[in-house]
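*Asks:* Handing you a structure now.
The values are calculated or read from the model by the stated rules, or taken from the named source; none is laboratory data. Predicted, not measured: the structure shown is a model, and the values here were computed from it. Here Cβ is always computed from backbone atoms with ideal geometry, including for glycine, and neighbour counts include all displayed protein chains. Note: accessible area is taken over every heavy atom of the protein model, side chains too, but ligands, DNA and RNA are not part of it. Shrake-Rupley method; radii C 1.70, N 1.55, O 1.52, S 1.80 Å.
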Amino acid sequence: MTDIRIEVSGLHKAFGSLEVLRGIGFTTPRGTSTVLLGPSGSGKTTLLRSLNALDIPDSGVVRIDDVSVDFSLLPPGKAGRATARDLRAQSGMVFQSHNLFPHRTVLQNITEGPVVAQKRPPDEVVAEARVLLDQVGLADRADSYPYQLSGGQQQRVGIARALALKPRVVLFDEPTSALDPELVGEVLSVIRDLAAQGWTMVVVTHEIRFAEQVADQVLFLDGGVIVERGTPERVIGDPQEERTRRFLRRVL
Ligand code: ADP
């Protein structure tokens, strides 16, 4: 049996009267990448944020590995927040811009979460952080401060920081959209490496060529529903739905 790492069903989310997610369901097998494509406002970021309970859906179920949350049954108050926290701990999130602590070094930025939040032994965490820095091509920048790095380097530190928490899955929310064009490639290349190493990930991106290279599965969203899904060869190379074709014509 395939090991399904992420399982989502019946996800609904409204902001006031605006229905942003209207019954989303999909699965992501362990060690594979799912890429979310779709026009601006289609619900991609809200879906991604729902996967780790940064946004709380109105109903639906999200399971990541062995933590499952049925949002229709989420208890109010503290108990609900605790359940959401369990789900959040399953994933590492990489945002559009990294939000690194400006007054801490690169190494300190990476070790803070595992040492303070996860209470893991500092020596071990530092050793792992150095391996991660090497992996994102920044072994020599451990003692630099964020302002001394380019935007692409800062974003790579953000990726190392997310991985240091040893998440079950990594969620990327348009990880290159805030970067100057010449810095996009180095960040995409790191994400491609992670996919090749077998990290399970969900990526929101507008980089269609990158999506083709990295995705095992593409979900095309429009109006809060998944309009089309399949391999990149299928969805990007041979789209069946007019809405997908229109989107691809605009962005390619
Ligand atoms: P995408 O990532 O595909 O651009 P989003 O998930 O960011 O789409 O947004 C979907 C819709 O939900 C948009 O119309 C957006 O304005 C709205 N939205 C997102 N977050 C909020 C929020 N916190 N409050 C109100 N509306 C929101």
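*Asks:* Could you work out the relative contact order of the stretch 130-232, using alpha carbon pairs under 8 angstrom and six or more residues apart, expressed as a whole percent?
*Replies:* Relative contact order, the stretch 130-232: 21 percent.
*Asks:* Relative contact order for the chain: what percent, with Cα pairs under 8 Å and sequence separation of 6 or more?
*Replies:* 25 percent
*Asks:* Remind me, what semi-axes does the chain give for its equivalent ellipsoid, largest first in whole Å, using sqrt of 5 times each Cα gyration tensor eigenvalue?
*Replies:* 29, 23, 16
*Asks:* Per the helix-only calculation at 222 nm, which mean residue ellipticity applies to the chain, given -39500 (n - 2.57) for every DSSP H run of n ≥ 4 and division by its residues, nearest 500 deg cm²/dmol?
*Replies:* So the helix-based figure for the chain works out to -11000 deg cm²/dmol.
*Asks:* Take the solvent-accessible surface of the protein heavy atoms, probe 1.4 Å, and return the percent of it on the chain that carbon and sulfur atoms account for.
*Replies:* 49 percent
*Asks:* Over the stretch 19-125, give the accessible area per residue in Å² for a 1.4 Å probe, as an integer.
*Replies:* So the stretch 19-125 comes to 46 Å² accessible per residue, rounded to a whole number.
*Asks:* Here is a follow-up. Report the gain in length on full extension from residue 193 to residue 231: 0.36 nm times residue separation, minus Cα-Cα distance, nm rounded to one decimal.
*Replies:* That pair, residue 193 and residue 231, stretches by 11.8 nm at full extension.
*Asks:* If eta is 0.890 mPa s and T is 25 °C, what Stokes-Einstein diffusion coefficient results for the stretch 90-182, Kirkwood Rh from Cα pairs, in µm²/s?
*Replies:* Estimated via Stokes-Einstein, D reaches 187 µm²/s.
*Asks:* Hey, got the dipole for the chain? About the Cα centre, +1 on K and R Cβ, -1 on D and E Cβ, debye to the nearest 20?
*Replies:* 500 debye
*Asks:* For a quick check, take a GNM of the chain with Cα springs below 10 Å and name the residue from 117, 195, 14 with the largest mean-square fluctuation.
*Replies:* Of 117, 195, 14, the most mobile in the Gaussian network model is 117.
*Asks:* Grab the Cα-Cα distance for residue 126 and residue 252, subtract it from 0.36 nm times how many residues apart they are, and report the gain in nm with one decimal.
*Replies:* This chain segment gains 41.1 nm when fully extended.
*Asks:* Now a separate question. I need the Debye-formula profile for the stretch 17-70: one equal scatterer per C-alpha, no solvent, reported as log10 I(q)/I(0) at q = 0.15, 0.16, 0.22, 0.30 1/Å, two decimals.
*Replies:* -0.45, -0.51, -0.97, -1.52
*Asks:* Here is a follow-up. Which value, in Å² and to the nearest 10, is the accessible area of residue 66 when all protein chains are kept and the probe is 1.4 Å?
*Replies:* 130 Å²
*Asks:* Report the one residue of 191, 29, 100 whose Cα lies farthest in the direction of the positive end of the charge dipole of the chain (charges on C-beta: Lys and Arg +1, Asp and Glu -1; origin at the Cα centre).
*Replies:* 100
*Asks:* Here's another thing I want to ask about it. In 5 Å bins starting at 0, how do the alpha-carbon pair distances of the stretch 69-143 split up by percent?
*Replies:* 3, 13, 17, 21, 16, 11, 8, 7, 3, 0
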